[in-house]
Amino acid sequence: MRQIARTARTRRRGTATAALVAAAAVTASLMAGCTSGDRPDDGRGQTHSRSQEPDQRESEGHDPMSAGSALAVKIDNVRAARPQTGLEAADIVYAEQVEGGLSRLMAVYATQLPKAVGPVRSARESDLELLRQFQEPTLAFSGAQGKLLPLIDKAPLNAESPSSAASGAYYRGVGKVAPHNLYLRPQRLLDAVPGAAALTTGFRYGAAPEGGTPAKSRTVRFPSARFTFTWSADRHGWLVSMDGTPTLATDGKRLAAPTVVVQYVKVRESRFHDVLGNNSPYTQTVGSGRAQVLRDGRVFEVEWRRGTAADGTDFTTADGTPVNFAKGQVWVVFATA
């Protein structure tokens, strides 16, 4: 099965780190502007390479009864990258802080796979902790800081960058300039839609809790970015705006999330810096703290807890009652506690 073969190849990647320089030389002409193009933004110019047998994705079958693993894609979120492609199909969209107080997204796909997703950008150290809650997820990313690559090699996930993915999985789009025009065809990485069982986040869905405060909108600010969610009874969701601009799908339709979570977490310095020397923030998602759950036009004050990186996150009221989310897409914005 492709998933088994891909997992085996991932385990072997820990031995391939020494081949990165040689692989980069081979692929330099093809990847010009693909990962090296990240440098003006964040300096993440290096991608994965791996030692492996010939790719078996096209020849091996898939057991439809087997549980799939989620696909997580790192997505650019500067103005030049918008409108993004495929965000509307994500089950979960995480918003995290990166260098310079800017924001980046991680979209998680399990119940449907769009034809394309992007623009795809680079990974961060805190992504590895966040993704531990999923069972062997596939991480699609454009590259990473050189010293971070060994940690990605060791992480329990299937890392797929342009230099390691199947031919044709990544492509350059038109209408945007590099590095904001790298896109992914998810079907080239996964055999089938993983299914809702792959969403091992601890999230619960169902009837809204009692109480809450009526709200028309909620804004979350990063040092150099902001997210605003405005309730729409017609869409039965929170209309998404980023940096004061409505967030649209490529078909022009406004994104609306039935549930938004503002999760207050510790954001500290990581061990890594960008090419300009700016420290990469580390968003700590293991621990506990307060959060706000937005659904049905109301804001609910809740508490969150995630015991270990392998656990999902529990959201409860003050008396410990689990809090249900509305059915549909969930946005989680990691705000600084």
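Max-minus-min Cα coordinates of the stretch 96-178 on each principal axis give 34, 32, 25 Å, with the largest extent listed first. Ellipsoid semi-axes for the stretch 134-186, based on the Cα gyration tensor and the rule √(5λ), read 22, 14, 9 Å when sorted largest first.
Please compute the Kirkwood hydrodynamic radius of the stretch 126-251 from all pairs of different C-alpha atoms, in Å with one decimal.
Working: mean 1/r = 0.0545 Å⁻¹.
Radius from the Kirkwood sum: 18.4 Å.
With the full set of protein chains in place, find how many percent of the accessible area of the stretch 183-261 is carbon and sulfur; take the probe as 1.4 Å. Heavy-atom surface of the stretch 183-261 belonging to carbon and sulfur, 1.4 Å probe: 48 percent.
Dividing the alpha-carbon Rg of the stretch 159-316 by 2.2 N^0.38 Å yields what?
Details: Rg = 18.7 Å, N = 158, 2.2 N^0.38 = 15.1 Å.
Cα Rg divided by the expected 2.2 N^0.38 Å: 1.24.
The value of relative contact order for the stretch 183-319, using C-alpha pairs under 8 Å at least six residues apart, is 20 percent.
Among the protein heavy atoms of the stretch 86-151, carbon and sulfur supply 50% of the accessible surface, probe 1.4 Å, non-protein parts ignored.
Whole number in Å², please: accessible area per residue of the stretch 282-337, 1.4 Å probe, ligands, DNA and RNA not counted. Can you show the working numbers first?
Details: 2270 Å² over 56 residues.
Counting only protein heavy atoms, the per-residue value for the stretch 282-337 is 41 Å².
Per residue, how much accessible area does the stretch 196-265 show when a 1.4 Å probe rolls over the protein heavy atoms, in square angstrom?
Numbers: 3430 Å² over 70 residues.
Here the per-residue accessible area is 49 Å².
Is the C-alpha gyration tensor of the stretch 165-230 telling us rounded, prolate or oblate? Criteria: a/c under 1.5 is rounded; beyond that, a/b larger than b/c is prolate, otherwise oblate.
Details: a/c = 3.74, a/b = 1.43, b/c = 2.61.
Here the stretch 165-230 falls in the oblate category.
Per the Cα gyration tensor, the stretch 234-337 maps to an equivalent ellipsoid with semi-axes of 26, 23, 11 Å, ordered largest to smallest. The residues of the stretch 84-141 expose, per residue, 20 Å² of accessible area to a 1.4 Å probe. I'd like the distance between the alpha-carbon centres of the stretch 299-334 and the stretch 100-134, rounded to an integer number of Å. One Cα centre to the other: 19 Å. Each eigenvalue of the Cα gyration tensor of the stretch 106-149, multiplied by 5 and square-rooted, gives one semi-axis; in descending order these are 20, 15, 7 Å.
The values are calculated or read from the model by the stated rules, or taken from the named source; none is laboratory data. Everything numeric here is computed off the predicted structure, so don't read it as measured data. When the accessible area is computed, the model is the full protein with side chains, heavy atoms only, and any ligands, DNA or RNA have been set aside. Shrake-Rupley method; radii C 1.70, N 1.55, O 1.52, S 1.80 Å.
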